[in-house]
Amino acid sequence: MTIKNMDLGKTKKIKNQWNKVYDSFKYDRISVWSEDANLFFKSKIKFLKKQGVKNVLDAGCGDGRNLFAFAKAGFKVTGIDISSSAIKKSKKLCKKFSNVILKEGSLEKINLIHKKFDVILSDHTLVHIQDIEKVIKNFHSILKNKGYVILEFTSIKDPLYGKGKNIGENEFIQEDVYVRFFTIPVIKKLLKKFKIISINLKHFTQPQHGPGYYRKKRHVHYSFFVVAQKI
């Protein structure tokens, strides 16, 4: 098997994993993940408008809860996700907005998008990215000069840290899902081509995500939320 075919097989497996998450979710709310958009991301809308931000990329947009909030606020929003099921749900949720573009694809190949963005959001996605260095590099390449990233990095303080099969430094396989946890020194190293404006460690609860996801009950997250600017 060639490396290219191995990569295609891995991508297909990951896509199928996330399709299962979205297809098996039957609860009565707008998103698999929560009842509303991420509060930290929503709290930055006013700041971004003051900076003159117009074009937003939601990297790992899922079923569209953050897309909806930013489109409603008047931004031109592009969402990308590896899951075709997630994209279908995003289309349904955001159908009334003409300022939303949706693309199916992986963040590892996001540099193929021939468009520059003012800001990139990524909400609880980097925790599942194995080639994190490549993805951060891709973010940098498709940002406009002095553009912003607003990113969530799951912390080693998270209750699920250390669970499952250890496959690397702070990396685990939990119920067949790849999970990575972060520390501030690692985040700063990853964002060496960015000026970090703020890093906030927050803990919050989320509801059950349905039978397709490995956190099946209401649970607590500990995450670093980072705002940084391309330099």
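Derivation of every value follows stated rules applied to the coordinates shown; laboratory data play no part. Since this is a predicted model, take the numbers as computed values, not measurements. Ideal geometry is used to build each Cβ from the backbone, glycine not excepted, and the neighbour counts take in all protein chains shown.
Please report, in Å, the Rg and the Dmax of segment 12-111, where both are computed over Cα atoms only.
Here Rg and the maximum Cα pair distance are 13.4, 41 Å.
For the chain, what is the charge dipole size about the Cα centre, in debye to the nearest 20, if Lys and Arg each add +1 at the Cβ and Asp and Glu each add -1 at the Cβ? Before the final figure, lay out the partial values.
On the way: 46 positive and 20 negative charges, 160 e Å.
Dipole size: approximately 760 debye.
Using a basic spin-label model with each label point 7 Å from the Cα along Cα→Cβ, how many nm lie between residue 192 and residue 109?
2.9
Among the aspartates and glutamates, which fall within straight-line cross-link reach of residue 134, defined as a Cα-Cα distance under 13 Å, with same-chain neighbours fewer than 8 residues apart omitted?
Within the straight-line cut-off, residue 134 pairs with 108.
State the dimensionless ratio Rg/Rh of the chain (Rg: radius of gyration of Cα atoms; Rh: Kirkwood radius).
My calculation of the ratio gives 0.93.
Could you go through segment 212-222 in sequence order and give the Karplus-derived ³J(HN,Hα) for each residue, using 6.51 cos²θ - 1.76 cosθ + 1.60 with θ = phi - 60°, rounded to whole Hz, and x for Gly and Pro?
Those phi angles translate into x, 10, 7, 9, 9, 10, 4, 8, 9, 10, 10 Hz.
For segment 1-118, what relative contact order do you get, as a whole percent, if you take Cα pairs closer than 8 Å and at least 6 residues apart?
RCO, segment 1-118: 25 percent.
When DSSP assigns beta bridges and you keep just the ones with both residues in the chain, what percent turn out antiparallel, to the nearest 5?
Just about 60 percent of them are antiparallel.
Compute the relative contact order of the chain as a whole-number percentage, counting only Cα pairs closer than 8 Å that sit 6 or more residues apart in sequence.
Contact order relative to length: 19 percent.
Segment 100-198: which trypsin sites (Lys or Arg not before Pro) are DSSP loop and have at most 16 other beta-carbon atoms within 10 angstrom?
In loop regions of segment 100-198 (DSSP not H, G, I, E or B), the sparsely surrounded trypsin sites (Lys or Arg not before Pro) are 115, 116, 157, 163, 192, 193.
So what's segment 86-143 giving for Rg/Rh, alpha carbon basis, Kirkwood Rh from the mean inverse pair distance?
0.98
5 Å is the cut-off here: which amide hydrogens, built 1.01 Å from N in the peptide plane, fall below it relative to residue 155, excluding neighbours closer than 5 in sequence?
182, 222, 223, 224
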